[in-house]
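Notes follow the structure.
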Amino acid sequence: MTGRLFHDYTFGDEERVRLDRDGHLMYPGLLTDEAQSRLIEALRHVIAEGKHAVKGHEPQRFSAEFDDYLESLIAHPQMLALVRAVLGEEIRWDHCVSLVRPKGSPAMGWHSHEYSEDDASLGFIRIFFYISGFGADDGGLKVIPGSHLYRDKTIRAKDDGDMRAGWMAGKTHPATGEPLAIEHLDAPTGSVIIMWTHAAHGVVARKPDSTTRYCVVYAYRNPGRPSAARWITDAYEKKEIPGAQALLPLY
């Protein structure tokens with residue numbers, strides 16, 4: 001029996017406004033101690049499985065298919081309650097990806113993701129579990145509040161300077177009218193971040209003398225469009241997973 005995943009939290013009108021205005025919402029320290037321990041164990045297992053990876057079915061990209069605990073969280077009651085609070089009742093699970101970054105890991109450039117650019121009624125969220133947290137200057141997530149409202153899947157930049165001179169140049173927040181600005185987040189251990197898939201984001205390099213940053217992301221969406229990020233094998237889509245049978249098919 002999978003234990004409690006989250007501590008108590010609130011997703012109400014205020015949280016909805018912040019998520020829809022900024023494109024992301026952080027719950028510091030939301031993961032329980034038990035969940036943190038089991039997630040680290042699971043991610044270490046995924047890393048070990050990666051030594052025998054088959055091209056096209058890598059444990060890092062298909063993480064829930066390689067670990068029972070990660071699989072059990074797809075339909076965990078607390079996970080689904082959070083997802084449905086954001087997206088509504090009609091949802092599909094899209095993928096589970098390991099984002100473990102050892103010390104010295106390089107930065108990841110700015111990017112965004114696609115989903116239903118032609119129909120804003122269909123949403124897609126990524127839920128990041130930052131088990132070990134991160135510092136703003138050490139493997140940290142960086143964001144541009146309001147960028148998600150452009151629903152632009154082509155956002156790309158190698159660093160902050162290129163972003164400011166390129167895609168961001170002259171753009172304002174569609175809801176507030178303020179100039180777009182880069183924000184470097186700081187997350188304590190056990191934090192959870194919800195992000196709309198169209199939000200621009202990047203990752204700061206992990207310091208050479210730091211530790212391993214353990215993170216895994218679960219993605220869910222409203223069905224209605226194909227998803228380029230949908231990493232589920234045909235065999236896994238047909239697997240009998242308690243509580244998840246209706247969450248795996250594309251539509």
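Among all residues of the range 210-227, there is at least one that is closer than 26 Å to Y130 by Cα, surrounded by 20 or more Cβ atoms within 10 Å (Cβ to Cβ) and aliphatic (A, V, I, L, M). Considering the range 107-177, the qualifying strands (runs of 3 or more DSSP E), each wholly inside and each with 1 or more residues that are more than 29 Å from L80 (Cβ to Cβ) and out of contact with any Leu (no Cβ under 9 Å at 6 or more places or on another chain), run over 108-111.
Looking at E34, E14, E71, E41, just one residue is crowded, with 16+ Cβ neighbours inside 10 Å and part of a helix (DSSP H, G or I), and that residue is E71. Being among the small types (G, A, S) and either without any contact (Cβ under 8 Å) to a residue 40 or more places away in the chain or touching a strand residue (DSSP E or B) at 6+ places or on another chain (Cβ under 6 Å) (or both) is a description that applies to G177. Which residue is nearest to L5 (Cα to Cα), if the candidates are limited to the range 76-116 and must be touching a Phe, Trp or Tyr at 6+ places or on another chain (Cβ under 8 Å) and among the small types (G, A, S)? Ranking the candidates gives A85 first.
Looking across the range 139-150, just one residue is over 15 Å from R21 (Cβ atoms) and either of a type in the set (A, V, I, L, M) or surrounded by fewer than 19 Cβ atoms within 10 Å (Cβ to Cβ) (or both), and that is L141. Note on the range 178-189: residues that are surrounded by 15 or more Cβ atoms within 10 Å (Cβ to Cβ) and assigned to a loop (DSSP other than H, G, I, E, B) total 5.
Looking only at residues in the range 44-65 that are under 20 Å from the mean Cα position of the chain (by Cα) and among the β-branched types (V, I, T), the one that is surrounded by the most Cβ atoms within 10 Å (Cβ to Cβ) is V46. As for the range 106-122, it holds no residue that is under 14 Å from the mean Cα position of the chain (by Cα) and closer than 21 Å to R44 by Cβ.
Pairing residues of the range 1-20 that are over 14 Å from L87 (Cα atoms) with residues that are in a loop (DSSP other than H, G, I, E, B) and of a type in the set (G, A, S), at Cβ distances under 8 Å and at least 6 apart in sequence or on separate chains, gives H7/G29.
Every read-out reported here was derived from the displayed coordinates using simple, explicitly stated rules and does not represent laboratory data. Since we're looking at a predicted model, the values are computed, not measured. Here Cβ is always computed from backbone atoms with ideal geometry, including for glycine, and neighbour counts include all displayed protein chains.
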